[in-house]
Amino acid sequence: MAGGLVGGCPAFGQSGGQSGGQVSGEQRDIGRVDSHIQKYDQALGVVSRLSRPLGAETECYGVCFFPSSSRPIAWRCAPKETCNLHCDVNPPAGGCQ
């Protein structure tokens with residue numbers, strides 16, 4: 001395996017709630033994944049960003065966890081853009097910055 005989990009990845013997905021834990025990992029043939037937890041008044045959000053090795057679009061995956069349900073979403077951003085998860089809107093939304 002060419003990579004492992006590394007703490008302290010660059011901040012991303014911070015639009016909305018308070019920032020929480022971060023983790024990242026990299027595999028040469030797949031790319032780099034950065035994951036970030038966000039805290040909201042009535043939800044927890046987890047957003048993951050996959051950056052492919054050859055500068056392809058960034059793939060974004062998010063899940064908003066509410067008291068009685070959860071809502072997964074996926075979207076794409078331009079290379080090097082950040083993935084923003086918004087669990088404070090109904091329905092939850094993803095965006096790029």
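Might you let me know whether region 6-19 holds any residue that is among the hydroxyl-bearing types (Ser, Thr, Tyr) and at pLDDT 90 or above?
Let us first name the residues in region 6-19 that are among the hydroxyl-bearing types (Ser, Thr, Tyr), namely 15, 19.
Next cut, at pLDDT 90 or above only: none.
There is no residue in region 6-19 that is among the hydroxyl-bearing types (Ser, Thr, Tyr) and at pLDDT 90 or above.
If you scan region 57-80, which residues turn out to be part of a strand (DSSP E or B) and either farther than 15 Å from GLN97 by Cβ or out of contact with any strand residue (DSSP E or B) (no Cβ under 7 Å at 6 or more places or on another chain) (or both)?
GLU59, TYR61, VAL63, CYS64, PHE65, SER70, ARG71, PRO72, ILE73, ALA74
Please go through region 57-84 and give me each residue that is of a type in the set (S, T, N, Q), buried (at least 17 other Cβ atoms within 10 Å of the Cβ) and free of Cβ contacts under 8 Å to residues at least 40 places away in the same chain, ordered by number.
THR58, the sole residue that qualifies.
Results for (1) within 22 Å of VAL23 (Cβ to Cβ); (2) at pLDDT 95 or above, shown as yes or no for each residue.
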residue: ALA43; (1), (2): yes, yes
residue: PHE65; (1), (2): yes, yes
residue: SER68; (1), (2): no, yes
residue: PRO79; (1), (2): yes, no
residue: GLN97; (1), (2): yes, no
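Where residues in region 40-56 are in contact with a strand residue (DSSP E or B) (Cβ under 6 Å, 6 or more places away or on another chain) and among the charged types (D, E, K, R), which of them is surrounded by the fewest Cβ atoms within 10 Å (Cβ to Cβ)?
Here the residue is ARG52.
The values are calculated or read from the model by the stated rules, or taken from the named source; none is laboratory data. Note that the structure is predicted; figures quoted are calculated from it, not measured. Quick reminder, even Gly has a Cβ in these numbers, built from the backbone with ideal geometry, and neighbours come from all protein chains shown.
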